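Before any comments, here is the structure.
The values are calculated or read from the model by the stated rules, or taken from the named source; none is laboratory data. Treat the numbers as computed from the prediction; the structure is a model and nothing was measured. Don't worry about glycine lacking a Cβ; one is built from the backbone with ideal geometry, like all the others, and counts go over all protein chains shown.
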Amino acid sequence: MTDKDHMSKRKFMQELRRYQKGSVSRRHFLGVTGLGAAAAALGTAMPGLRPRRAYAAGDIGDRVVLATWPNYHDVENFERFTDETGAFVQVNVFGSNEEMLAKLQAGGSGWDVFVPTNYTITTYVSEDLIEPLDVSRLANYDAGAFDPRFADAGTVDGSLYAVPKNWGTTGFAVNTAHDGGKPFATWKDFWDRTMDDYSGRTMVHDYQLTTIGNALKYFGYSFNSVDPTELADAERLLLDAKPHLFAISSDYQPAMRSGDAWMTMCWTGDGKQLNSDIPEIAYVLGREGGEIWSDYYAIPKGAPHREAAYALIDFMLSPEVNAREVMAHGYPVADSRTNALLPKEMLEDPILYPAQDLLDALEFGAAATLTDPNRAELLARFKSA
Amino acid sequence: MTQRERNWLLVAPAAGWFLVMLVLPLSVVFIFSFGERGAAGGYVPAFTFEQYANLPARFTAFQNTLILAPLGTLAAMLIAYPLAYQLAVRTDPKWKTILLVLVIVPFWTSILIRSYAWIYILGGRGIPALIEAMGLGDVQLIYTPFAVLIGIVYGYLPLMVFPIYVSLDRLDKRLLEASSDLGAPPLATFFKVTVPLSIPGVATGCMLVFILLMGEFLIPLLLGGGKVFFVGNALVDLFLQSRNWAFGSAVAVMLIVIMLVTVTVYMRLIARLHTSRDDVSVM
């Protein structure tokens, strides 16, 4: 926690007296003491208590439910959305695409907008869980502005089901203070040193695609392999490595920040966030390859607040809002209009935009991995071992 | 209306609740356990024993649960007993209420938040930093079975304290005096009078904690770092990640069977303990 988050009792009382005497405004008082933020956090639990404002496009209801990933938004953008539309954004955070799919398959998720990854969208379409998008209601969506590599997966059989949010890579973050001058460059390094000088300090995702995929890369197999013998090799490696792991979790930032963990499988934005705050933490892409991905905004079938869902997606697609998102979370976008608003150092950042030879080795996730029963069962066996 | 009809009417709400909330869901689980996983997950009707044949794949989860749940129950009991004894026997009545309320205070916030607090206490900057500062070496506490055990004892302690407290509080103090008048030293009085008379409370507390622990998943998830896997975690994974409802149902049925067997054996043991001590009335 930084100093500015904290306020002494004496300082608090001084501010209270200043407010009582009328020398500062209520806004100032609530701001410096943090009470305003606390009240806002409490208020969000009861959207009915919030004042509603008329929205230019009509009343869209008092809330919109978003299912997304950790550390993936600028919270101030949500506040602006609420100010503009009167709809409060209720955020649900997930750890894997499997978890999202399971929730939608079980029914009654209550979501209005969710953030699926490229390789899952065809399954959502075939399972009839996703709504085709009405482009006329997304004024800020300009298909021509997006790099097709990161936008194509949103279209299935000629219909648009999802619009691009961000793209990125899956590498690993490593605290170089403990590397003894031997840098990391490959997934082979990742696994070998997990069982050697980083023993007890490594984290892997609680996510079949990346944890199995990056174990497959150790042997030089495809990240997406569903071949039984290749999966058996990956399983052996995972079981060998398990006693040396610090934890199996997709929420790795707290442990990396506290110094408990020294290395973790990591997504671009988390790598950027960690590296910005703790420069010893480097973001590495395994030379053998790994995952490149793109995430999308989509609307599930039966979304309870569909008006608000369209309003939220359109809001997030506006280049100004999107640029603020990127500045907050550090994931690149495929939208040239947004990139035009970003500072040069962001667009040249090697974590966000890795060298071409590293990028060339990466693979997009394949739809088969999501539904393959062997991969799902392999990860479960690894966790329960 | 006859007496008989009136009785039926009185039983109806409870029976309806029982049917809708217990019998129906359990039947669904039982039927699903003979089915198969759908291509994209979920459930496809079938009649196969394949899911049951696959149960050994979750052996470690059952093993972890069957070791840590009884161990956690035992540890909670050993810690709760002196606490309950102090509260019931030694504490001035005017403080009792306040102290009892303090025992429940942790329940005022969610176990999720309290477990997160333990993540920090047991994490590298918490107790291990203290141990290191004392020069006792580098230890890892968080994400170990030990951390899970601490979380379990912490989370379930109040459930153990209350039944034991009640049985000790109702204990007839004249029996203690009688024991002492007859020449028994305090320790003998404690083990020959107090402990046997508090067995019903201990038995209730252990049962309550053990049954809840068998289905626990949050504490192992948060404090075990995904490495200390309980049957509860296996179930969460099967339903919420790999979407294998059929296998998940088989694991659930197995858990229910194990619970039924252990709880029955346990009840028998307690009942035998009672009858063998018919010289004192315990219930």
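Figures for the structure shown
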{"quantity": "Unmet requirement for B:ALA88, which otherwise passes all of (1) of a type outside the set (Ser, Thr, Tyr); (2) in a helix (DSSP H, G or I); (3) modelled with pLDDT of 95 or more", "calculated": "(3)"}
{"quantity": "All positions within segment B:50-59 that are in contact (Cβ under 8 Å) with a residue 24 or more places away in the chain and crowded, with 16+ Cβ neighbours inside 10 Å", "calculated": "B:GLN51, B:ARG58"}
{"quantity": "Conditions (1) more than 14 Å from chain B (Cβ to nearest Cβ); (2) within 22 Å of A:TYR331 (Cα to Cα): number failed by A:PHE219", "calculated": "(2)"}
{"quantity": "Residue identified as surrounded by fewer than 17 Cβ atoms within 10 Å (Cβ to Cβ) and closer than 30 Å to B:TRP118 by Cβ among B:GLY226, B:GLY215", "calculated": "B:GLY215"}
{"quantity": "Looking only at segment B:94-120, and only at residues there that are within 14 Å of chain A (Cβ to nearest Cβ) and buried (at least 16 other Cβ atoms within 10 Å of the Cβ), the one that is farthest from B:TYR81 (Cα to Cα)", "calculated": "B:ILE119"}
{"quantity": "Any hit, segment B:253-273, residues being part of a helix (DSSP H, G or I), in contact with a Gly (Cβ under 6 Å, 6 or more places away or on another chain), farther than 22 Å from B:LEU208 by Cβ and modelled with pLDDT of 90 or more", "calculated": "no"}
{"quantity": "Among the residues listed as A:LEU138, A:LEU129, A:LEU133, the single one being within 14 Å of chain B (Cβ to nearest Cβ) and either surrounded by fewer than 18 Cβ atoms within 10 Å (Cβ to Cβ) or not β-branched (Val, Ile, Thr) (or both)", "calculated": "A:LEU129"}
{"quantity": "Single residue of segment A:369-378 satisfying the filter (at the interface with chain B (Cβ under 9 Å from one of its Cβ atoms) and within 20 Å of A:ASN118 (Cβ to Cβ)) that is surrounded by the fewest Cβ atoms within 10 Å (Cβ to Cβ)", "calculated": "A:THR371"}
{"quantity": "Contacts under 6 angstrom Cβ, first residue in segment B:94-113 being under 16 Å from B:ALA80 (Cα atoms), partner in a helix (DSSP H, G or I) and at pLDDT 90 or above, 6 or more apart", "calculated": "B:LEU99/B:LEU87; B:VAL103/B:PRO158; B:VAL103/B:VAL161; B:ILE104/B:PRO158"}
{"quantity": "Residue identified as crowded, with 21+ Cβ neighbours inside 10 Å and farther than 24 Å from A:LEU379 by Cβ among A:ALA234, A:ALA151", "calculated": "A:ALA151"}
{"quantity": "In segment A:199-208, residue surrounded by the fewest Cβ atoms within 10 Å (Cβ to Cβ) [restricted to those that are within 11 Å of chain B (Cβ to nearest Cβ) and in contact (Cβ under 8 Å) with a residue 60 or more places away in the chain]", "calculated": "A:TYR207"}
{"quantity": "Output for segment A:297-332, where each listed residue is in contact with a Lys or Arg (Cβ under 6 Å, 6 or more places away or on another chain) and either of a type outside the set (Gly, Ala, Ser) or closer than 19 Å to A:ALA143 by Cα (or both)", "calculated": "A:TYR297, A:TYR310, A:PRO319"}
{"quantity": "Filtered residue count, segment B:48-71, keeping only those that are away from every other protein chain (no Cβ under 11 Å), farther than 20 Å from A:ALA376 by Cα and touching a Gly at 6+ places or on another chain (Cβ under 8 Å)", "calculated": "1"}
{"quantity": "Residue in segment A:256-266 that is crowded, with 24+ Cβ neighbours inside 10 Å, closer than 26 Å to B:LEU122 by Cβ, modelled with pLDDT under 95 and charged (D, E, K, R) present", "calculated": "yes"}
{"quantity": "Meets criteria (more than 14 Å from every other protein chain (Cβ to nearest Cβ), part of a helix (DSSP H, G or I), in contact with a helix residue (DSSP H, G or I) (Cβ under 7 Å, 6 or more places away or on another chain) and over 30 Å from A:GLN105 (Cβ atoms)) for B:LEU78", "calculated": "no"}
{"quantity": "Within segment A:87-126, considering residues that are assigned to a strand (DSSP E or B) and among the polar types (S, T, N, Q), the one farthest from the other protein chains (Cβ to nearest Cβ)", "calculated": "A:GLN90"}
{"quantity": "Single residue of B:VAL11, B:VAL20 found to be farther than 16 Å from B:VAL253 by Cβ and surrounded by 11 or more Cβ atoms within 10 Å (Cβ to Cβ)", "calculated": "B:VAL11"}
{"quantity": "Boolean, A:PHE223 is assigned to a loop (DSSP other than H, G, I, E, B), in contact with a helix residue (DSSP H, G or I) (Cβ under 9 Å, 6 or more places away or on another chain), surrounded by 21 or more Cβ atoms within 10 Å (Cβ to Cβ) and not acidic (Asp, Glu)", "calculated": "yes"}
{"quantity": "Number of positions in segment B:60-87 that are free of Cβ contacts under 8 Å to residues at least 40 places away in the same chain and among the β-branched types (Val, Ile, Thr)", "calculated": "1"}
{"quantity": "Criterion: assigned to a loop (DSSP other than H, G, I, E, B) and either under 18 Å from A:LEU362 (Cβ atoms) or modelled with pLDDT of 95 or more (or both) - qualifying residue of A:PHE190, A:PHE184, A:PHE172", "calculated": "A:PHE184"}
{"quantity": "Of all residues making up segment A:239-288, the number that are small (Gly, Ala, Ser), within 21 Å of A:MET195 (Cα to Cα) and either within 14 Å of another protein chain (Cβ to nearest Cβ) or in contact with a Leu (Cβ under 7 Å, 6 or more places away or on another chain) (or both)", "calculated": "7"}
{"quantity": "Unmet requirement for A:ASP251, which otherwise passes all of (1) among the acidic types (Asp, Glu); (2) without any contact (Cβ under 8 Å) to a residue 60 or more places away in the chain; (3) surrounded by fewer than 20 Cβ atoms within 10 Å (Cβ to Cβ); (4) under 15 Å from B:GLY123 (Cβ atoms)", "calculated": "(2)"}
{"quantity": "Whichever residue in segment B:127-140 is within 11 Å of chain A (Cβ to nearest Cβ) and either at pLDDT 90 or above or part of a helix (DSSP H, G or I) (or both) and, among such residues, is farthest from B:GLY224 (Cα to Cα)", "calculated": "B:ALA129"}
{"quantity": "Odd one out for B:GLY38 among (1) within 14 Å of another protein chain (Cβ to nearest Cβ); (2) assigned to a helix (DSSP H, G or I)", "calculated": "(2)"}
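Rundown of residues vs (1) touching a residue at least 12 places away in the same chain (Cβ under 8 Å); (2) more than 30 Å from B:GLY42 (Cα to Cα); (3) assigned by TED's automatic domain parsing to the domain that holds A:TYR207, yes/no style:
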residue: A:ALA102; (1), (2), (3): no, no, no
residue: A:PHE114; (1), (2), (3): yes, no, no
residue: A:THR117; (1), (2), (3): yes, no, no
residue: A:ALA145; (1), (2), (3): yes, yes, no
